[in-house]
Amino acid sequence: MYTRIQTYVGKDTNMAVCNPTCRMKLSAEKPSAPHAVEHMITTMISSFKPVLRELQHIPIKIDVQKTLKNTSIELLDAFVDKMFKFVDQPYLETQRNFVPVEEMGNKVLVNNVQGAIPCDFPDGVYVRNGPNPLYGGYKSTISMLGRSNHIWVEGEGMIHAIYFEKETSTGICSIYYNNRYVQTETFKMESSKNKPCFIPTIEGDSAAVLLAYLLNMLRFGKVNKYISNTNVFEHAGKYYSIAESDMPQEIDIHTLETFGTWDVNGTWNRPFTSHPKKAPGSGELVFMGVDAMKPFLEMGIISADGMKLVHKVDLDYKRSSLCHDIGVTERYNVLLDFPLILDVNRLIRGGPLIKYEDKEYARIGVMPRYGNKESIQWFDVQPSSAFHIVNCFEDGDEVVMWACRALGSIIPGPDLGLNRFEYFSNGFKQTCSNSSDRDIDADGLFFSRCYEWRLNMKTGEVKERNLSGTKYSMDFPMINENHTGIRNKFAYTQIVDTKASSAAGMAKYGGLAKLYFEELREETNEELIKTEYHAFPDNTFCSGAAFVSKIEGHEEDDGWIVTYVHNEYTNISQVYIIDAKKFSEKPVAVVTLPNRVPYGFHGAFMRTGAN
């Protein structure tokens, strides 16, 4: 859930370390951190130059440029090994199901099923993506310039898959399970060395982070690893793993093999949102890419057959706003420009790369499907953080957006020097007492609620209101995807267990909610929508919930919610299948898995076969 950084060292990945064009163009506004980096790099280059000069005069027939490059990389690797110490970030007992697991690689039959798979449950694959860091967990590096750290959204992507395969003649459903790493280019690079190699670049001392950028670029041609750990989506019958730090990776949904990067036949070469949307009617894929360098945000549209980029436009954002989601309606694209900001210049001055600036402006943009920057109608809204859009639709002159909204951002974490556990623990605390945001204590800034923005395209008026109350914090919304971009009656979210999350300093979801947008709560005088809850057993938490529609469903909520759950008492992972029309009742089926499944991010159900 962060974007890649194009550093100032240039984009030529074949540069040798002795090339003066590799020198970072550093700001002089606050010289201490940049000058420390520059001094170290200058010293390093000076020590390598005599060796490189000698190599150029070796009287044998070799590819000098290739040899220089390889030798430079070997010297850089030796420098990193000597100057940087990789250390494990510890896991608390309350965080044990965030610990990575081993890759299986091949699917296995699952026989432990309580209840029964419904007869009208479709054949398909329920997949969930999430971070599964290599080499035991998240790392920090320590050097003479300080410390740099992985943050909690990093870690190589691992896909967990449950296969539902019915035999045509008997109707008996066989169930299989598999997990596998998304084998990106950088995953292969680091795996081949059999040790941590990429230096963390998102959080830490400014000088250490800046040097990490340069060394990663010189050694690997890339600043950050392509983690591909956030979501899985389908377009034109193909399947893709994605994290918005880079482009999608095409995967085989049956074997979980990674085929490679999807660049839309060479027409897209920048980050790609984790939540692209299919346009109602046309089936085109609407998406955007956020970068820390200009252009900060570009939007694209891919043809329904997945073969062509039919529209690409720079939307001329004035800052790099970390937008995690994009919305669509029947005619419009809906854009977020909220104050979670990536700023390389701030980093160079000694501040953090990513920071939520609650005093900065927030706005929502609405543009015609094939519009440009001049066609965007911007609406100023109250500053907040909203990672996930529930849905957008048109209602008369208004464009309506529903999303999960908090008053602070869970990404990236506290300012350098503050206690990380304390910061996250306080953020999850349930300190609010009624429906008004003003009653949410500053410690509970991660408390997320379903929220509505009504944007009048004729008058420019904005109406904002909370839809859900303060009983539960909720996020990771899902709907019946047949209603994407058009008005929907229902949505589903994961419910934060604030007590367990506060104890772990990481989000844990202890239940699910069903939102009824066309019904108000009976027990309150306030205009809050009806909400139904599905609670899990004690100390049991979920991730990657998804809606599965019935094969021949007629109503919007004809279907099931599927979700991975983990019981922390027994250390057993399962998949629940919950009837969406009998939402608060026990699951109709519980599939016990042969392996532990760590908590992760987004899930999806991909239909296979003829259904």
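The values are calculated or read from the model by the stated rules, or taken from the named source; none is laboratory data. Since this is a predicted model, take the numbers as computed values, not measurements. Note: ideal-geometry Cβ built from the backbone for every residue, glycine included; neighbour counts use all protein chains shown. For accessibility, only protein heavy atoms count, side chains too; no ligands or nucleic acids. Shrake-Rupley method; radii C 1.70, N 1.55, O 1.52, S 1.80 Å.
Condition first: of a type in the set (Lys, Arg) and under 22 Å from residue 122 (Cα atoms). Can you find one or more residues in the stretch 528-538 that meet it? Let's see the steps before the verdict.
As a first pass, look at the stretch 528-538 and keep what is of a type in the set (Lys, Arg): 530.
Remaining after also requiring under 22 Å from residue 122 (Cα atoms): none.
No, because not a single residue in the stretch 528-538 is of a type in the set (Lys, Arg) and under 22 Å from residue 122 (Cα atoms).
Consider the stretch 406-426 and keep the residues that are more than 18 Å from the chain's Cα centre (by Cα) and assigned to a loop (DSSP other than H, G, I, E, B). The one that is modelled with the highest pLDDT is 407.
Just checking, which of 244, 257 is at pLDDT below 95 and under 19 Å from residue 130 (Cβ atoms)? Outline the logic, then answer.
Details: 257 fails: at pLDDT below 95.
Of the residues listed, the single one that is at pLDDT below 95 and under 19 Å from residue 130 (Cβ atoms) is 244.
Where strands (runs of 3 or more DSSP E) fall entirely within the stretch 226-310, those with at least 2 residues that are over 30 Å from residue 343 (Cβ atoms) are at 231-235, 238-242, 249-251, 258-261.
Of the strands (runs of 3 or more DSSP E) lying entirely inside the stretch 112-182, the ones with 2 or more residues being polar (S, T, N, Q) and crowded, with 22+ Cβ neighbours inside 10 Å are found at 146-149.
Sort through 312, 308, 278 and tell me the only one that's open to solvent by 10 Å² or more (accessible area, probe 1.4 Å), under 16 Å from residue 231 (Cα atoms) and over 18 Å from the mean Cα position of the chain (by Cα).
On the way: 312 fails: under 16 Å from residue 231 (Cα atoms); 308 fails: under 16 Å from residue 231 (Cα atoms).
Every option except 278 fails the conditions.
Cβ separations smaller than 8 Å between residues 6+ apart or across chains give the following pairs from the stretch 342-369 residues that are farther than 30 Å from residue 329 by Cβ to residues that are open to solvent by 40 Å² or more (accessible area, probe 1.4 Å) and basic (Lys, Arg): 343/355; 346/355; 348/30; 349/30; 350/30. Inspect all residues belonging to the stretch 390-405 and state whether any of them is charged (D, E, K, R), outside any strand (DSSP E or B) and buried (at least 16 other Cβ atoms within 10 Å of the Cβ). Checked the stretch 390-405: no residue is charged (D, E, K, R), outside any strand (DSSP E or B) and buried (at least 16 other Cβ atoms within 10 Å of the Cβ). Tallying residues that are more than 19 Å from residue 333 (Cα to Cα) and not polar (S, T, N, Q) within the stretch 375-428 yields 21.
Taken together, the residues in the stretch 572-611 that are assigned to a strand (DSSP E or B), under 25 Å from the mean Cα position of the chain (by Cα) and in contact (Cβ under 8 Å) with a residue 24 or more places away in the chain amount to 9. When the stretch 329-365 is filtered for residues that are over 23 Å from the mean Cα position of the chain (by Cα), outside any loop (DSSP other than H, G, I, E, B) and under 19 Å from residue 315 (Cα atoms), only 332 remains. In the stretch 471-500, the residues that are closer than 20 Å to residue 581 by Cα and open to solvent by less than 20 Å² (accessible area, probe 1.4 Å) form Cβ pairs under 9 Å with partners that are assigned to a helix (DSSP H, G or I) and among the small types (Gly, Ala, Ser), at six or more places apart or across chains, as follows: 480/580; 492/580.
When you scan the stretch 515-528, do you find a residue that is buried (at least 23 other Cβ atoms within 10 Å of the Cβ) and either more than 30 Å from residue 95 (Cβ to Cβ) or of a type in the set (A, V, I, L, M) (or both), even just one? Break it down into steps so the answer makes sense when it comes.
Here is the first cut: in the stretch 515-528, the ones buried (at least 23 other Cβ atoms within 10 Å of the Cβ) are 515.
Among the residues that remain, those that are also either more than 30 Å from residue 95 (Cβ to Cβ) or of a type in the set (A, V, I, L, M) (or both) are: 515.
Yes; the residues of the stretch 515-528 include at least one that is buried (at least 23 other Cβ atoms within 10 Å of the Cβ) and either more than 30 Å from residue 95 (Cβ to Cβ) or of a type in the set (A, V, I, L, M) (or both).
In the condition set (1) crowded, with 16+ Cβ neighbours inside 10 Å; (2) at pLDDT 80 or above, residue 463 is compliant with all but (1). Within the stretch 238-273, the residues that satisfy the criterion of being open to solvent by 10 Å² or more (accessible area, probe 1.4 Å) and aromatic (Phe, Trp, Tyr) are 239, 259, 262. Suppose we filter the stretch 551-567 for residues that are without any contact (Cβ under 8 Å) to a residue 24 or more places away in the chain and aromatic (Phe, Trp, Tyr); how many remain? Final tally of qualifying residues: 0. Number of residues in the stretch 84-103 that are open to solvent by 60 Å² or more (accessible area, probe 1.4 Å), of a type outside the set (Asp, Glu) and either touching a Phe, Trp or Tyr at 6+ places or on another chain (Cβ under 6 Å) or touching a residue at least 12 places away in the same chain (Cβ under 8 Å) (or both): the value is 4. Residues of the stretch 349-380 being crowded, with 20+ Cβ neighbours inside 10 Å and in contact with a helix residue (DSSP H, G or I) (Cβ under 6 Å, 6 or more places away or on another chain), which ones? 353, 367 - these are the residues of the stretch 349-380 that are crowded, with 20+ Cβ neighbours inside 10 Å and in contact with a helix residue (DSSP H, G or I) (Cβ under 6 Å, 6 or more places away or on another chain). The residue of the stretch 191-233 that is nearest to the chain's Cα centre (by Cα), among those that are surrounded by fewer than 24 Cβ atoms within 10 Å (Cβ to Cβ) and of a type in the set (Lys, Arg), is 222.
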